Amino acid sequence: MMTHSINSIGRRGVLGLWVAVFAAAAPWYPASAQSADDASPTAPVQQLGGALLAAMKAGDHTPFAERYRALAPAIEQVFNLEAVLAASVGLSWATLPAAQQAELVTAFRRYTVSSYVANFNSYNGQSFEVLPATRAVGNGEVVAQSRLLRTDGSPIVLDYVMRRFPAGWQAVDVLTDGSISRVAVQRSDFRGLLAGGGVPALAAGLEHKVASLSGGMIG
């Protein structure tokens, strides 16, 4: 099973851990704190931090499938996974039949949740913090910033690109090192699979990753 302790996650951990370094002078607040404004783009990031901490505390002694079921609702609420997938596939997404889009959304959702479950699998006193201030990046999108504090004091800083949907603010991308879009990285990966075998190849590739991450526990 391809899992990693959160203390040993590198820059390409959970979906590359979608890590970004962004210096800011504003104060940081614990992810467990409730947002004063439920419509704030930082609220989903706070929710995700709490859910990931719960998954970490459950640890490897809890079956993968059980942790998957517990974490999936938060991942699906915080991220607009269909929007992330559509951007990752690129312009050809709009030309795909609805049935193929649905097939890929299902596989991508399972892959995304499995990645988080596999990587956030141990707790040793870590904590999440969320910066209340956001920065605009155009097209109505903003960047919400959070950091995971590891027990050695070193932070992993994550930048979530948030967009407002009818259901509220949701994440549509995460930037690595402040500039490398995870969507762009996935687009490069997905294009190879789509070119080689179309939608069936991409769906199969995602399901293969799910099986590898879960040790066959998510079928």
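The values are calculated or read from the model by the stated rules, or taken from the named source; none is laboratory data. Since this is a predicted model, take the numbers as computed values, not measurements. Cβ placement follows ideal geometry from the backbone for every residue including glycine, while neighbour counts extend to all protein chains displayed. Each accessible area value is taken on the protein alone, full model and side chains, heavy atoms only, with ligands, DNA and RNA left out. Shrake-Rupley method; radii C 1.70, N 1.55, O 1.52, S 1.80 Å.
Just one of the numbered conditions (1) farther than 17 Å from Leu48 by Cα; (2) in contact with a Ser or Thr (Cβ under 9 Å, 6 or more places away or on another chain); (3) modelled with pLDDT of 95 or more is not true of Glu141: (2). Would you confirm whether or not segment 120-129 contains a residue that is surrounded by fewer than 18 Cβ atoms within 10 Å (Cβ to Cβ) and assigned to a strand (DSSP E or B)? Among the residues of segment 120-129, at least one is surrounded by fewer than 18 Cβ atoms within 10 Å (Cβ to Cβ) and assigned to a strand (DSSP E or B), which makes the answer yes. Annotation note: Cβ proximity below 7 Å between a residue of segment 60-73 that is at positive phi and open to solvent by 30 Å² or more (accessible area, probe 1.4 Å) and a residue that is at pLDDT 95 or above and not aromatic (Phe, Trp, Tyr) (sequence gap 6+ or interchain) occurs for no pair. Taken across segment 77-89, residues that are of a type in the set (Ser, Thr, Tyr), surrounded by fewer than 22 Cβ atoms within 10 Å (Cβ to Cβ) and touching a helix residue (DSSP H, G or I) at 6+ places or on another chain (Cβ under 7 Å) do not occur at all.
All of Ala167, Ala136 fail the test of being closer than 16 Å to Ala74 by Cα, of a type in the set (Gly, Ala, Ser) and more than 15 Å from the chain's Cα centre (by Cα), apart from Ala167.
Of the listed requirements (1) closer than 30 Å to Thr134 by Cα; (2) open to solvent by less than 60 Å² (accessible area, probe 1.4 Å), Gly197 misses just one: (1).
Exactly one residue out of Arg187, Arg147 is in contact with a strand residue (DSSP E or B) (Cβ under 6 Å, 6 or more places away or on another chain) and either among the charged types (D, E, K, R) or at positive phi (or both): that is Arg147. Exactly one residue out of Val143, Val174, Val199 is under 24 Å from Tyr68 (Cα atoms) and of a type in the set (A, V, I, L, M): that is Val174. The set of residues from segment 136-153 being surrounded by 13 or more Cβ atoms within 10 Å (Cβ to Cβ), touching a residue at least 40 places away in the same chain (Cβ under 8 Å) and either touching a Phe, Trp or Tyr at 6+ places or on another chain (Cβ under 9 Å) or farther than 26 Å from Gly215 by Cβ (or both) comprises Val142, Val143, Ala144, Gln145, Ser146, Arg147, Leu148. Just one of (1) part of a strand (DSSP E or B); (2) within 13 Å of the chain's Cα centre (by Cα) fails for Arg110. It is (1). If the condition is being more than 19 Å from Gly90 (Cα to Cα) and in contact with a Phe, Trp or Tyr (Cβ under 6 Å, 6 or more places away or on another chain), then segment 182-217 contributes Lys209, Val210, Ser214, Met217.
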